[in-house]
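*Asks:* Can you read through this structure? Questions will come right after.
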Amino acid sequence: MSITPRGMSIQEAYNLYRSEKLVVNRNYQRKLVWGVNEKMHLIDSILRGFPIPLFLLAEAPDQHYEIIDGMQRLDAIFGFIEQRYGIPGAGDQQQYFDLNEFSRARQLAESKAFTPEPGDPTLLAASFCADLLDYQLAVTIFDSGEEAKITEVFRRINSGGRQLSAQEKRQAGVLSDFVSMLRRLASEFRYDGSPDILPLTKMPVVSIDSSRERLGYGISAEETFWCSLGILNPRQLQQSEDEQLLADICISVVRGNTFSVSSDVLDKYFDLETVESASLAVDLHAYGTTKLGDDVKLVLGAMKSIVEYMRPGVIGAFRSHVSTSGFTSAKTPFYAVFMAFYDLMVRRGQQLADREGAFEAIRGVTAKLTPSRNTTTEAQRQANIDIVRGLVDKHFTDSPRGPLTHGPAMEIEFPNLIRRSPIESARYEFKQGIVSLSAKREINQNLLDKLPKIASAIANTGPDGDGYIILGVADRAEHAHHITQLDSIIPVTVGSKHLVGVDRECVALGIDMATYLRKIVQGFQDAPLGTELKGDILASIDTVSFSGRSYVVVRIPAQRELSEFGGDYFVRDGEDLRK
């Protein structure tokens, strides 16, 4: 195994960071989880000249470096340089890194690559800034061609880590179809869907923050599926307990029945040397990873739609509704309700017919269930499932369920579409709608004519992925506020976007949704787009229902060749289009 130890100054590491040459493999790296105190402690050690632990990188042929160990520490160092946080100074003051002492960082701040601390913060002395930039990190670099050995190194480092949760230790360095599927699914329910390989600069966008900690990360724990319903608290989410819950229900679904669960039993399903893991791999292959993901999203989407229909905007509504005590965990009722709904919706092919009735049926249901302990037997869990199914089955019917774009799974999939936009901003365009926000509500024909040109520019971003134009989403707070005044609606916030829907525009125009959609489709039909791109887009325009509102999603399928518009070729340049 080729290993190269060396010293690397923080200044050199920062230049790699901002050149997006430091990357993270999300198949086995956890999220950013360090709090401010941990970050300040690291900076204090560096400024005192104390040694800090080794950094492990894997060098790819294109001179990118995959971070094997040290992601939290690198983010803490670069975050301090970019004034995301300060360190204690005199009295109650915080001292921030002086950007004037590092021209690269100052230039990036001036170009708005990051936002420094506002106002006139107290700055660290120039000598300390120089010491920090010159500090030599101990770095060991592997050859990335030896992937199996690198994975094993990562597993050995992290499986014994004291700061890792049980689930993080369980899956550290494990590469299997089940674990890969589980990570993708967990990412969707945290609404942080993104590519497997990300530059370290993007990791804060897909890491979890909370209203209590305010770490500056992109995903609010309270907005995720798990915390919004009260199934987990933000700390549990940061410790990957969501992946443990998903593992539990996915194993039950794939096996075809529930099972006695304990920490030791779950460990066996993640250990590739065990009989349990081998059996699960066979069962998963038979069930299908795509079908498993779709089925789980269908059922959990239905659970979410019930709660949000009955208790809109109430954080923790599932937990408070099914529990009889504020201190009772929601994990036992969550598992029982999921498995009961799964049996009715997937195995029996039924559809939820009465959301209010189903919601009332599970009120205080925790008191009727056998609570989870260190080990819960298969018989106890099955009894819990039978109790819930008996309470709710009359609220389901045999009617066929609707298409995926309008079904309960959209409660999970649509916010993921919104959340991915900061990662690949050139492939996304959000518009509040096609109606002007003036007192005279009429179609903005200039915008309607411009949408196909925007689509051509998105298509020219590259062949690596689809793009999207989404109508019904305001990306500016002032637009959302104006819409609230005009249309008397309260926007739903997902990340930095404000979801207002397009139903209000149908009302303003006095037309139905089908007519509204035809106007958009006609705009693309009449546009001077290339034949192939036009055909692909016309086959990919649809409406989506999410949280009681309708949105128009124009998917721009990836193209193999550049796409023209009126004989010219356009690309995106920030919010503008450039030939």
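What follows is calculated from the coordinates using simple rules that are stated; it is not laboratory data. Predicted model only: the values in this text are computed from it and were never measured. Every residue, glycine as well, gets a Cβ built from its backbone with ideal geometry; the counts of neighbours run over all protein chains shown.
*Asks:* Which whole-number percentage describes the relative contact order of segment 401-500, with Cα contacts under 8 Å and a sequence gap of 6 or more? Let's see the in-between values first.
*Replies:* Values: 106 pairs, mean separation 28.4, N = 100.
28 percent.
*Asks:* Something else about it: Please compute the contact order of segment 3-163 in relative form: average sequence separation of alpha-carbon pairs under 8 Å and at least six residues apart, divided by the residue count, as a percent.
*Replies:* On the way: 207 pairs, mean separation 55.2, N = 161.
The normalised contact order for segment 3-163 reaches 34 percent.
*Asks:* Could you give the length gained by full extension between residue 268 and residue 356, i.e. 0.36 nm per residue of separation minus their alpha carbon distance, to one decimal place? Can you show the working numbers first?
*Replies:* Numbers: separation 88, 0.36 × 88 = 31.68 nm, distance 3.99 nm.
Gain on extension, residue 268 to residue 356, equals 27.7 nm.
*Asks:* Taking the Cα-to-Cβ direction at residue 522 and at residue 314 and moving 7 Å from each Cα, how far apart do the two end points lie in nm?
*Replies:* In this crude spin-label approximation the distance works out to 4.5 nm.
*Asks:* Put a dot 7 Å past each Cα toward the Cβ at residue 489 and residue 348; how far apart are the dots in nm?
*Replies:* 3.5
*Asks:* Okay, next question. Show me the ranking of peptides 540-552, 511-523 by mean Cβ neighbours inside 10 Å, starting with the highest. Let's see the in-between values first.
*Replies:* On the way: 540-552: 18.2, 511-523: 14.4.
Ranking the peptides 540-552, 511-523 by packing returns 540-552, 511-523.
*Asks:* Sorted by mean Cβ packing within 10 Å, highest first, what order do the peptides 119-130, 228-239 take?
*Replies:* Details: 119-130: 13.7, 228-239: 21.8.
Per-residue mean Cβ counts within 10 Å order the peptides as 228-239, 119-130.
*Asks:* Where in segment 526-564 is the amide nitrogen less than 11 Å from a point lying 7 Å along the Cα-to-Cβ axis of residue 450?
*Replies:* none
*Asks:* With 31 Å as the limit, write out which pairs from 202/579; 31/331; 297/431; 21/450 have Cα-Cα distances beyond it, or answer none.
*Replies:* On the way: 202/579 28 Å; 31/331 23 Å; 297/431 27 Å; 21/450 36 Å.
From 202/579; 31/331; 297/431; 21/450, over 31 Å: 21/450.
*Asks:* Subtract the Cα-Cα distance of residue 539 and residue 52 from 0.36 nm times their separation in residues, and report this length gain in nm to one decimal. Don't skip to the end; give the middle numbers.
*Replies:* On the way: separation 487, 0.36 × 487 = 175.32 nm, distance 5.53 nm.
Stretched fully, the residue 539-residue 52 segment lengthens by 169.8 nm.
*Asks:* Quote the charge dipole size of the chain about the Cα centre in Debye, to the nearest 20; the model charges only the Cβ of Lys and Arg (+1) and of Asp and Glu (-1).
*Replies:* Details: 64 positive and 76 negative charges, 228 e Å.
Using Cβ point charges on Lys, Arg, Asp and Glu, the chain gives about 1100 debye.
*Asks:* Give me the percent relative contact order of the chain, please, defined on Cα pairs under 8 angstrom at least 6 residues apart.
*Replies:* Values: 926 pairs, mean separation 64.7, N = 579.
This gives 11 percent for the chain.
*Asks:* Same structure, new question: By how many nm would the segment from residue 213 to residue 127 lengthen if fully extended, with 0.36 nm per residue of separation less the alpha-carbon distance? Numbers along the way, then the final one.
*Replies:* Numbers: separation 86, 0.36 × 86 = 30.96 nm, distance 3.10 nm.
27.9 nm is the gain from fully extending residue 213 to residue 127.
*Asks:* Rounded to the nearest 500 deg cm²/dmol, what is the calculated helix-only ellipticity per residue at 222 nm for the chain, with -39500 (n - 2.57) per DSSP H run of length n ≥ 4? Present the calculation step by step, with values, prior to reporting the outcome.
*Replies:* Details: 24 runs with 253 residues, N = 579.
Helix contribution divided over all residues of the chain: -13000 deg cm²/dmol.
*Asks:* Could you let me know the centre-to-centre spacing of segment 300-325 and segment 261-283, using Cα atoms, in angstrom?
*Replies:* Using only Cα atoms to place each centre, the spacing works out to 32 Å.
*Asks:* If we sort 447-459, 427-439 on the protection proxy, mean other Cβ atoms within 10 Å, highest first, what's the order?
*Replies:* Values: 447-459: 21.2, 427-439: 19.2.
Packing proxy ranking, top to bottom: 447-459, 427-439.
*Asks:* Note down the nm distance, to one decimal, between modelled labels 7 Å out along Cα→Cβ at residue 370 and at residue 134.
*Replies:* 6.8
*Asks:* Cα centroids of segment 1-57 and segment 63-118: how far apart, whole angstrom?
*Replies:* Between the Cα centre of segment 1-57 and that of segment 63-118, the gap is 13 Å.
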